[in-house]
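Reviewing the structure listed below.
The values are calculated or read from the model by the stated rules, or taken from the named source; none is laboratory data. Keep in mind that what you see is a predicted model, and the values were worked out from it rather than measured. Every residue, glycine among them, receives a Cβ derived from its backbone with ideal geometry; neighbour counts consider all protein chains shown. Heads up: the accessible areas ignore ligands, DNA and RNA and are worked out on the full protein's heavy atoms, side chains in. Shrake-Rupley method; radii C 1.70, N 1.55, O 1.52, S 1.80 Å.
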Amino acid sequence: MNRQTSESLFAKAKTVIPGGVNSPVRAFKSVGCDPIFIKKAAGSRITDADGNEYIDYVGSWGPMILGHCHPKVVEAIQQTAASGASFGAPTARETELAEMVCGAYPNIEKIRMVSSGTEATMSAIRLARGYTGRDKILKFDGCYHGHADSLLVKAGSGLATFGVPTSPGVPADFAKYTLTATYNDLEDVRRVAAANKGELACIIIEPIAGNMGCVPPAAGFLEGLRTLCDAEGILLIIDEVMTGFRVAYGGAQERFGVRGDLVCLGKIIGGGLPVGAFGGKREIMDALSPEGGVYQAGTLSGNPLAMSAGIATLQLLQQEGFYQQIEEKSAYLEKGLLDAAGNSSLPTCWNRVGGMFCNFFQQGPVNNFADALKSDTDAFGRFFRSMLDSGINLAPSQFEAGFMSVAHSQDDLDQTIEAAAKAFAAL
Ligand code: HOZ
């Protein structure tokens, strides 16, 4: 496959952008080839700068559950843009999207819009600290909640990809307030909570980890966190930036029946435009400025274009049978890939929840970050490159998740399975 244009665009980008990319994993550094530069996308497919077309399972890292360029979302953005791209002042659309989100999550009584998932988690943690009067927070090894200082400790995603789980530049004095525990290990969480009794403001968790590959919660794990938080006056922050409106209309909390005190959202609620949000119980949210003293602000918060794209997207997700379609397509792909993996001499295992999944290059099971790190990342790189050459775009890291859209056709899925059979056989 000719990728000369992408290669020269990458070379040029590297002269003015660190690593040639605006987010590290996009550089394809861990999969042994240069990144493809994207020219356009429609439905399940993206086209690179050389005109090569790929079936896309990155979906902009989650938001494109409708597929790329859904006509209703494009129309909403175009119509809104015609009357102004940004005002830095309230609009009715912000309340409309807020009402839609509150309608989907019974534990979100009030919500504030921001511009990214990073802003959402960073602000939710400040709010949890301000509300409880406590400084320490607990996160899980391998979970990624954006790149705010206090959250770049034993983090997944790009940090796992590049083997630097705690970033240089985070002062030890900041990181000391961030405690970590093992995902899916309730005893470990209880141990940390007991050693820091009365000092933990919050526990923040990805209810389905999506940044160490895809790792579902073990039975009873989320319930156990809820019980512990209630007993100890700790706020439970459920980071649904990736899973919100993805694994069910009401996200992982609807799916597993466990509710957070605060919830972080992003990705799908912006329909592909830059957005994030955090919300929760009225009493906690009212501690935010200007009602309360915890400060948080943003010129582009509640941006009209992002609100319009989000509203149009959520309207479409409410169609009868939408999540059933995502489930059926994902289950079909799962079966096909598991069969295809039978051709491989290397062990692989598969994790999936709804339209979010990952193929680990190891025997498994993968229940936490230490398990995920046992994967054969060289084998993943070979598999990734073979799939790319067959026209399948996967996330360029073993430690990221894949995403299904409703636009993936039967033909797309069969082509993917065929490409995977070839890639596994050649490993
Ligand atoms: N680490 C992000 C996904 N988990 C990557 C986002 C991006 O590169 O756009």
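What the table shows:
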| item | result |
| --- | --- |
| Once the Cα gyration tensor of the range 1-148 is diagonalised, semi-axes √(5λ) in Å | 34, 24, 15 |
| Karplus 3J(HN,Hα) series, Hz, for the range 33-38 with 6.51 cos²θ - 1.76 cosθ + 1.60 (x for Gly, Pro) | 8, 7, x, 8, 9, 8 |
| Amide H contacts of F140 (H built 1.01 Å from N, under 5 Å, at least 5 apart or other chain) | A181 |
| Exposure of L200 as accessible area (Å², to 10), given a probe of 1.4 Å and all protein chains | 0 |
| Stretch gain in nm, segment T95-T227, where the contour uses 0.36 nm per residue and the Cα spacing is subtracted | 44.3 nm |
| Once the Cα gyration tensor of the range 301-348 is diagonalised, semi-axes √(5λ) in Å | 37, 16, 5 |
| Long-range amide H partners of L235 with built H, under 5 Å | C202, I203 |
| Gaussian network model of the chain, springs between alpha carbon atoms under 10 Å - residue of G169, G280, G250 with greatest fluctuation | G169 |
| Cα-based reach from K12 at 17 Å (exclusive), listing lysines while leaving out same-chain residues under 8 positions away | K29, K39 |
| Cβ-defined net charge surrounding E327, 12 Å radius [Lys, Arg +1; Asp, Glu -1] | +2 |
| Square roots of 5 times each gyration tensor eigenvalue, C-alpha, the range 34-104, largest first, Å | 30, 16, 11 |
| Whether the range 130-280 is rounded, prolate or oblate, judged on the alpha carbon gyration tensor where a/c under 1.5 counts as rounded | rounded |
| Diffusion constant of the range 207-279 at 25 °C, which comes from Stokes-Einstein with the Kirkwood Cα-pair radius and 0.890 mPa s, µm²/s | 193 |
| Tail fraction, Cα-Cα pairs, the chain, threshold 37 Å, whole percent | 21 |
| For E254, solvent-accessible area (1.4 Å; no DNA, RNA or ligand), Å² | 100 |
| Accessible area of L186 in the full protein assembly, 1.4 Å probe (Å², nearest 10) | 40 |
| Computed label-point distance, nm, for sites A194 and K335 using a 7 Å Cα→Cβ extension | 4.7 |
| Cα gyration tensor, the range 245-366 - rounded (a/c under 1.5), prolate or oblate | prolate |
| Cysteines in the chain that, by Cβ-Cβ distance, have no pairing candidate under 4.7 Å | C33, C69, C102, C143, C202, C229, C264, C349 |
| Solvent-accessible area per residue for the chain (1.4 angstrom probe, square angstrom) | 40 |
| Approximate spin-label separation Q4-D149, in nm, with each point projected 7 Å along Cα-to-Cβ | 4.9 |
| Cα→Cβ-extended label distance, 7 Å offset, between D135 and A85, nm | 4.2 |
| Over the chain: helical MRE at 222 nm, DSSP H runs n ≥ 4 each giving -39500 (n - 2.57), nearest 500 | -11000 deg cm²/dmol |
| GNM top mover of S330, S23, S123 - the chain, alpha-carbon springs below 10 Å | S23 |
| Sequence-distant aspartates and glutamates (8 or more away, or on other chains) whose Cα lies within less than 19 Å of K335 | D56, E327, D411, D412, D414, E418 |
| Pairwise centroid distance, computed over Cα atoms, of the range 336-374 with the range 235-291, Å | 28 |
| At 0.890 mPa s and 25 °C, Stokes diffusion of the range 1-61 via Kirkwood alpha-carbon radius, µm² per second | 203 |
